[in-house]
Amino acid sequence: MARIIDGSTVSRTIQTQLALDVADFVKATGFTPGLAVVLIGDDPASAVYVRSTGKASQKLGMKSETIVLPSDTPRERVLDVVAELNEDQSINGILVQLPLPRHLDSDEVIDAIDPRKDVDGLHPANAGLLSLGRPRFVPCTPAGIVELLKADNTLTTGKHVVVLGRSNLVGRPIATLLSLKGEPGDATVTICHSRSRNLAELTRSADILIVAIGQPHFITANMVGDNSVIIDVGIHRLPESEGGGLCGDVDFSPVAARVAAITPVPGGVGPMTIAMLMRNTFAAARHSVASRM
Ligand SMILES: NC(=O)c1ccc[n+]([C@@H]2O[C@H](COP(=O)([O-])OP(=O)(O)OC[C@H]3O[C@@H](n4cnc5c(N)ncnc54)[C@H](OP(=O)(O)O)[C@@H]3O)[C@@H](O)[C@H]2O)c1
């Protein structure tokens, strides 16, 4: 049976340390880091995530502000809200929760965020810095995956990493991160997507397989290598007829019986995303205060 990479524990450890660091920072500077989350519409999964970010920031001693807008909010109003948060000195991090309602262009909204407050790491300036090997804010889920690999003592140098999925949120940035010079990085990375051929052959050749495709139970035992490490980013609610719980993109039990290590769903990658959002927000606050001195 594989080692289970326990994201809940790693996330808790990181947040416990962060709470201490935030307390020291507030004492030293008199400034409380602040995160603003903009939620547009009533997507239930987004609402759960946004509530969790609010709770996590407060627990760490950071200011948290949630702006909830109706799903038919006009584009101009959304851009005004972002512009106000850009100017607000008490806010260091801005997260606009995706996906946005269809009448809004997510690229336009993300581009409007001050890149120094873009703690989700999706602004072109931050994506560009990452691809140049000068990461500032790394998107939270990929940053969390790197921490999970570290916690599992899985080295990436010289390994073949196969990333399934090429989204700007997960697949592309994790592929970039692990191909940068130096550990964690120095991997040989293959990115797969819906047009890739011979997928099972590619996934079987991975030392580390990162799956972010949004297809429940897609990766089966015959698609993985015996000694591989599997990171399952997917998260899906099962229908009531199948128990109604959560599952990932990987068919957990048969795959876990075969590989060296695996992240569970829930309790793997998910808890890391919030921890990394908090870490990015704290980093934004430190930079902001340092730049005013
Ligand atoms: N745990 C967390 O904190 C967290 C955070 C973010 C996302 N997620 C979850 O992770 C999953 C992926 O999210 P995302 O935002 O990256 O998804 P996304 O934007 O929908 O991207 C999915 C990617 O998977 C590829 N793909 C889809 N079906 C495929 C198939 N059959 N074979 C090969 N490639 C396939 C797509 O290829 P094309 O580009 O060719 O279309 C695309 O690149 C979702 O389940 C999401 O809920 C979890």
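In this structure, residue 291 does not qualify as surrounded by fewer than 20 Cβ atoms within 10 Å (Cβ to Cβ) and either assigned by TED's automatic domain parsing to the domain that holds residue 95 or within 11 Å of the ligand (Cβ to nearest atom) (or both). No other residue among 257, 284 is within 29 Å of residue 37 (Cβ to Cβ) and of a type in the set (A, V, I, L, M, F, W, C) apart from 284. The single condition among (1) within 12 Å of the ligand (Cβ to nearest atom); (2) among the aliphatic types (A, V, I, L, M); (3) over 13 Å from the mean Cα position of the chain (by Cα); (4) under 19 Å from residue 95 (Cβ atoms) that residue 163 does not satisfy is (4). Taking (1) surrounded by 17 or more Cβ atoms within 10 Å (Cβ to Cβ); (2) outside any helix (DSSP H, G or I) in turn, residue 273 satisfies each apart from (2).
Looking across segment 119-134, the residues that are over 13 Å from the mean Cα position of the chain (by Cα) and crowded, with 19+ Cβ neighbours inside 10 Å come down to 123, 126, 127, 130.
Out of 281, 263, 273, one residue alone is touching a strand residue (DSSP E or B) at 6+ places or on another chain (Cβ under 7 Å), of a type in the set (Val, Ile, Thr) and within 30 Å of residue 88 (Cβ to Cβ). It is 281. Quick check: anything in segment 98-106 of a type outside the set (S, T, N, Q), in contact with a Cys (Cβ under 8 Å, 6 or more places away or on another chain) and modelled with pLDDT of 95 or more? Checked against the condition, which is being of a type outside the set (S, T, N, Q), in contact with a Cys (Cβ under 8 Å, 6 or more places away or on another chain) and modelled with pLDDT of 95 or more, segment 98-106 yields no hits at all.
Return a yes/no flag: does segment 163-178 have any residue that is assigned to a strand (DSSP E or B) and at negative phi. Yes, segment 163-178 has at least one match.
Total residues in segment 185-230 satisfying the condition of being farther than 17 Å from residue 256 by Cα, within 16 Å of the ligand (Cβ to nearest atom) and assigned to a loop (DSSP other than H, G, I, E, B): the figure is 10. Please verify whether segment 233-243 includes one or more residues that are modelled with pLDDT of 95 or more, assigned by TED's automatic domain parsing to the domain that holds residue 156 and of a type in the set (Asp, Glu). No; the residues of segment 233-243 include none that is modelled with pLDDT of 95 or more, assigned by TED's automatic domain parsing to the domain that holds residue 156 and of a type in the set (Asp, Glu).
If only residues of segment 250-270 that are of a type outside the set (A, V, I, L, M, F, W, C) and crowded, with 23+ Cβ neighbours inside 10 Å are counted, the one that is farthest from the ligand (Cβ to nearest atom) is 263.
In the set (1) closer than 15 Å to residue 208 by Cβ; (2) touching a Pro at 6+ places or on another chain (Cβ under 9 Å); (3) more than 14 Å from the ligand (Cβ to nearest atom), the condition left unmet by residue 142 is number (3).
The values are calculated or read from the model by the stated rules, or taken from the named source; none is laboratory data. Just so it is clear, the model here is predicted, and its values are computed rather than measured. Positions of Cβ are generated from backbone atoms using ideal geometry, with glycine treated the same way; all protein chains shown enter the neighbour counts.
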